[in-house]
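The values are calculated or read from the model by the stated rules, or taken from the named source; none is laboratory data. These numbers were taken from a predicted model, which means no experiment stands behind them. With ideal geometry, Cβ positions are generated from the backbone for all residues, glycine too; neighbour counts draw on all protein chains shown.
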Amino acid sequence: MNVSLTPEMERFLNEQVRSGRYSSKEEALGKAVELLKEMEEAEGRLETLLQEAEDSGPATEMTAQDWVDIENEGLKRLRSGKSA
């Protein structure tokens with residue numbers, strides 16, 4: 001596959017290689033594609049979460065008990081070593 005870059009993009013890519021951040025232009029472009037894929041996946045997850053929020057009904061005010069529950073859940077996860 002051949003890729004055409006704008007002069008500005010090519011300068012940036014060359015600088016990334018010159019700085020030692022990447023060993024080649026191909027490596028830098030590969031990383032760019034990986035990041036694009038991750039961004040697309042994150043956008044899909046965000047859309048899903050937004051739809052779930054919309055489907056859950058109208059928003060309600062947080063209560064003191066809600067904050068206690070959130071804190072307790074966070075502490076529980078910390079103790080068990082689990083992430084969100």
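A few notes on this one:
Conditions tested, residue by residue: (1) within 25 Å of the chain's Cα centre (by Cα); (2) polar (S, T, N, Q); (3) at pLDDT 95 or above.
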{"site": "VAL3", "(1), (2), (3)": "no, no, no"}
{"site": "PRO7", "(1), (2), (3)": "no, no, yes"}
{"site": "GLN16", "(1), (2), (3)": "yes, yes, yes"}
{"site": "SER23", "(1), (2), (3)": "yes, yes, yes"}
{"site": "LEU46", "(1), (2), (3)": "yes, no, yes"}
{"site": "GLU54", "(1), (2), (3)": "yes, no, no"}
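- Among the criteria (1) part of a helix (DSSP H, G or I); (2) aromatic (Phe, Trp, Tyr); (3) closer than 30 Å to VAL3 by Cβ, the one TRP67 does not fulfil is (3).
- Boolean, ALA64 is of a type in the set (A, V, I, L, M, F, W, C), exposed (fewer than 10 other Cβ atoms within 10 Å of the Cβ) and out of contact with any Phe, Trp or Tyr (no Cβ under 7 Å at 6 or more places or on another chain): yes
- Filter pass, ALA42 being out of contact with any Pro (no Cβ under 9 Å at 6 or more places or on another chain), aliphatic (A, V, I, L, M), assigned to a helix (DSSP H, G or I) and exposed (fewer than 11 other Cβ atoms within 10 Å of the Cβ): yes
- Beta carbons closer than 8 Å, at least 6 apart along the sequence or on distinct chains, pair a first residue in the stretch 13-29 that is in a loop (DSSP other than H, G, I, E, B) with a second that is among the polar types (S, T, N, Q) and at pLDDT 95 or above for TYR22/GLN16.
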